[in-house]
Amino acid sequence: MITVVGGGPAGRIAAMHLASAGEEVRLIERDQLGGQCLHSGCMLVCALNDVARIIRSAKGLEEMGVIMNAPRVQIPGIFEGVVQVQRTIEQVLDNETATAGVTVLKGEVTAIDGLQVTLEGTVLDSDAVIIATGSRPLIPDIEGITTPGVYTPQTLVQMETVPEKLVILGGGISSVEMAYIFAAFGSEVHLCARSTLLKTLHPHLVAEARKELAGVHIHEQTAVISVNGGDRVRSVTVKAGSDEYDIAADAVLITAGLVPNTGMVTGVLKRADGAIIVDDHMRTSNPSVYACGDVNGRLNLTPVARREGIVAAENILGKDTTMDYRTIPHSLALGYELAWVGEPEEGQQRFRIPGPAGPGSFWSVPRQGATGFAEVQVRPDDGAITGIWTAAPSGAAIAAYSAQLIRDGQKVADFEQFIEVHPVADGVYGLLKYAAVQRSRR
């Protein structure tokens, strides 16, 4: 018997993979299948971003005299709809998991010690264990952080009205996505970043994000000292350098990172932050125990979690499989999808163009510099593609396919006779063709 703890992307995929290979598998989930991705992460952002884009697009068209009476958002209707869609997806996941032959047990796991898992007071023995218990929001140690009106993505559905003034704690991808959403909803948004905005991203992507956050008050190198108000949020005190000041607010959203859910786990090595230490086979310090997804603290991305789940399952099945973290595509959802794969490297050739007009970007043309961009990085000696960055309506899909091109060692010369679909707002593949022509002329 193999026990998988956690029914999010990593655990569920691992359990199904094992069951499909004929193994007896039990999957333990305390709530509903789908994990953080479905209930407070990716799908929640998708839902809110879809609405935000419609509102932004409609307002822009109204300003140009194209349409009249741009829509306004109704928070209760949004979250009722979100929950309804989540329930539908939960049913799909339940049916898919059961059809694969996985036994799903519901309940709270209070201890995982090697091959023994304690479920609601009952100790379950296993031949192998996969820990996929995910993560939870990092709550900063700030005075007043429990004041009513302070939310995390997990509690956001409790919000009853659009905040007049919202303070967002954090300067990473989730923070920026939420800032874009609530600014579109009509909130005065203040984003407080302890460091700089999107500090690890390519400068061109950061510049694009700043364009999309026009109207958002961005406080960089700023620490939040306290949340004030007593019975409800009224202001937030922050400090930037030697300056300390208050920001009026009626709501606060915490997007300051994630913490692995490993408090119940013993018998394996963990880092100081609780993340379970694994090798590239997803094995822990106990060779019969594996850990995948957010719980190992490597890359908190749903597709990575799924792949880690398959790697763990393959190794349990006796197949020597390792996790490859190279060329992982990333995306940031604003009005456009800001997406990338690869890292900027010295000595590489780079080609860059503005995004073309097409579906999803046509009405952006009158706003100079608002059609996004495409950039590719090429190895000088052989023309191999080593990175792409794009801001486009379908940037995420472009990055995903580009990642496979890079893994396969594709060169820009392979695109010299490439014929793209038209019209399309994707500039990457046309840019690869342009780069091939330019290199051949040199």
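A few notes on this one:
- Filtered by the rule that a residue be among the polar types (S, T, N, Q) and under 24 Å from ARG87 (Cα atoms), segment 1-32 gives a lone residue, GLN32.
- Strands (runs of 3 or more DSSP E) completely within segment 215-292 that count 3 or more residues being among the β-branched types (Val, Ile, Thr): 223-228, 235-240
- Scope segment 131-166; condition over 20 Å from PHE185 (Cβ atoms), part of a strand (DSSP E or B) and not hydrophobic (A, V, I, L, M, F, W, C); matching residues: SER135, ARG136, PRO137, GLU143
- Filter pass, GLU420 being surrounded by fewer than 18 Cβ atoms within 10 Å (Cβ to Cβ), of a type outside the set (S, T, N, Q), touching a Lys or Arg at 6+ places or on another chain (Cβ under 9 Å) and free of Cβ contacts under 8 Å to residues at least 24 places away in the same chain: yes
- Failed condition for ALA305, given (1) within 24 Å of the chain's Cα centre (by Cα); (2) surrounded by 15 or more Cβ atoms within 10 Å (Cβ to Cβ); (3) not assigned by TED's automatic domain parsing to the domain that holds VAL129: (3)
- Of the set (1) surrounded by 23 or more Cβ atoms within 10 Å (Cβ to Cβ); (2) in contact with a Ser or Thr (Cβ under 9 Å, 6 or more places away or on another chain), all apply to ARG379 but (1).
- Residue list for segment 386-415, filter: assigned to a loop (DSSP other than H, G, I, E, B), surrounded by fewer than 16 Cβ atoms within 10 Å (Cβ to Cβ) and touching a residue at least 12 places away in the same chain (Cβ under 8 Å): GLY409
- Output for segment 325-352, where each listed residue is assigned to a strand (DSSP E or B) and either buried (at least 22 other Cβ atoms within 10 Å of the Cβ) or of a type outside the set (A, V, I, L, M, F, W, C) (or both): HIS330, SER331, LEU332, ALA333, GLU337, LEU338, ALA339, TRP340, VAL341, GLN349, ARG350, ARG352
- Single unsatisfied condition, TYR434 versus (1) farther than 30 Å from VAL66 by Cβ; (2) surrounded by fewer than 16 Cβ atoms within 10 Å (Cβ to Cβ); (3) modelled with pLDDT under 95; (4) not small (Gly, Ala, Ser): (2)
- Criterion (surrounded by 15 or more Cβ atoms within 10 Å (Cβ to Cβ) and either among the hydroxyl-bearing types (Ser, Thr, Tyr) or part of a loop (DSSP other than H, G, I, E, B) (or both)) met by exactly one of ALA52, ALA70, ALA47: ALA70
- Restricting segment 129-170 to residues that are small (Gly, Ala, Ser) and surrounded by fewer than 22 Cβ atoms within 10 Å (Cβ to Cβ), the residue that is nearest to MET264 (Cα to Cα) is GLY144.
- Whichever residue in segment 176-204 is over 16 Å from the mean Cα position of the chain (by Cα) and part of a helix (DSSP H, G or I) and, among such residues, is nearest to ARG352 (Cα to Cα): HIS204
- Failed item in (1) touching a residue at least 24 places away in the same chain (Cβ under 8 Å); (2) more than 24 Å from VAL341 (Cβ to Cβ); (3) not assigned by TED's automatic domain parsing to the domain that holds ARG53, with SER242 passing the rest: (1)
- Leading residue by the ranking (nearest to LEU115 (Cα to Cα)) among those in segment 16-28 that are in contact with a helix residue (DSSP H, G or I) (Cβ under 7 Å, 6 or more places away or on another chain) and part of a helix (DSSP H, G or I): LEU18
- Where TYR429 falls short, out of the listed (1) of a type outside the set (Gly, Ala, Ser); (2) modelled with pLDDT of 95 or more; (3) part of a helix (DSSP H, G or I); (4) crowded, with 18+ Cβ neighbours inside 10 Å: (2)
The values are calculated or read from the model by the stated rules, or taken from the named source; none is laboratory data. These figures come from a predicted structure and were not determined experimentally. When we count neighbours, we look across all protein chains shown, and the Cβ atoms used for this are built from the backbone with ideal geometry, even at glycine.
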